[in-house]
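Written out below as C-alpha cells is the structure these notes cover.
Derivation of every value follows stated rules applied to the coordinates shown; laboratory data play no part. All values reported here derive from a predicted model rather than from experimental measurement. For neighbour counting, all protein chains shown are included, and Cβ atoms are generated from backbone atoms with ideal geometry for every residue, glycine included.
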Amino acid sequence: MQASQEKKIYFRKAQPQDCELVFAFIQKLAAYEKMTQDVVATPELLREWLFEKKTAEVIFQCDAEREVGFALFFENFSTFVGRGGLYLEDLFVLPEERGKGYGKALFQELARIAVQRGYGRMEWSCLDWNTPSIGFYRRMGAVPMDEWTVYRLAGDTLRAAAE
C-alpha cells in the first residue's frame, strides 16, 4: 500500500457479541466457495461452540472503519512433532478489500500466534479449484500435502459409524 492510501489495520479477538458478524463472514465464505447449501451453523451454535465450549477461536482483521477479514482456527496435535499445532479452518477477506495486503497480514498474524504459542505446525485445507488461494499460500512458503487425502464422516454417516 502506498503511504497516502494506508489505513490503520489491527486484529481483535471475537467476543460473544460478535456471533452475528462471524456468521456473516461464514456466509460470505460459503458463497465464495459455492457451498451455501452446506451451511447449517447459526449464530446461536457459534456462541455455544466458540465461547461456551471454546473449541475454536476467531480473530478479525479491522481497518479504521470495520472488519475486513476473519480467521477461524483451533488447536490440533501432531504425534510426530509431539506438540500442538494451529489448524486454520477459515480465512476470508471481503472481496472488495482484496489486493490490499489484508490477507497476507491476517495470515502472518496467524503464524505469529502459532509461534508465540510454541506450536509445531500450521495447517489448513484448500479447495483444488481455488487457484488464487493456492498461489497465495505457495507465495507464503506453504507446501501442499499431496500424499495425504482428507476423509470425513458427517451427519448420518458419523452417527452410523458410532453405532
Here are some conditions: (1) of a type in the set (Asp, Glu); (2) surrounded by 12 or more Cβ atoms within 10 Å (Cβ to Cβ); (3) farther than 20 Å from Tyr87 by Cα. Glu33 meets all but one. Which one does it not meet? (3)
Can you pull out the residues in the stretch 11-45 that are assigned to a helix (DSSP H, G or I), of a type in the set (A, V, I, L, M, F, W, C) and either in contact with a Cys (Cβ under 8 Å, 6 or more places away or on another chain) or over 28 Å from Lys100 (Cα atoms) (or both)? Leu45
Do the conditions hold for Trp124, that is, is it among the aromatic types (Phe, Trp, Tyr) and more than 19 Å from Thr55 (Cα to Cα)? no
In the stretch 102-117, anything surrounded by fewer than 14 Cβ atoms within 10 Å (Cβ to Cβ) and under 16 Å from Met140 (Cα atoms) is listed as Lys104, Gln108, Arg112, Val115
Taking the stretch 36-66 and keeping only residues that are more than 14 Å from the chain's Cα centre (by Cα) and farther than 13 Å from Cys19 by Cβ, one is left with Thr36, Gln37, Asp38, Val39, Val40, Lys53, Lys54, Cys62, Asp63, Ala64, Glu65, Arg66
Filter the stretch 115-161 down to residues that are of a type in the set (A, V, I, L, M, F, W, C) and in contact with a Gly (Cβ under 7 Å, 6 or more places away or on another chain), then give me how many there are. 2
Within the group Gly141, Gly120, Gly99, Gly135, which residue is exposed (fewer than 11 other Cβ atoms within 10 Å of the Cβ), farther than 24 Å from Ile26 by Cβ and not aromatic (Phe, Trp, Tyr)? Gly141
Within the stretch 46-79, how many residues turn out to be aliphatic (A, V, I, L, M) and touching a Cys at 6+ places or on another chain (Cβ under 7 Å)? 2
Looking at Glu96, Glu109, Glu75, Glu48, can you tell me which residue is of a type in the set (D, E, K, R), in contact (Cβ under 8 Å) with a residue 24 or more places away in the chain and either farther than 13 Å from Phe11 by Cα or not in a helix (DSSP H, G or I) (or both)? Glu75
Checked against (1) surrounded by 13 or more Cβ atoms within 10 Å (Cβ to Cβ); (2) more than 17 Å from the chain's Cα centre (by Cα); (3) aliphatic (A, V, I, L, M), Leu86 satisfies every condition except (2)
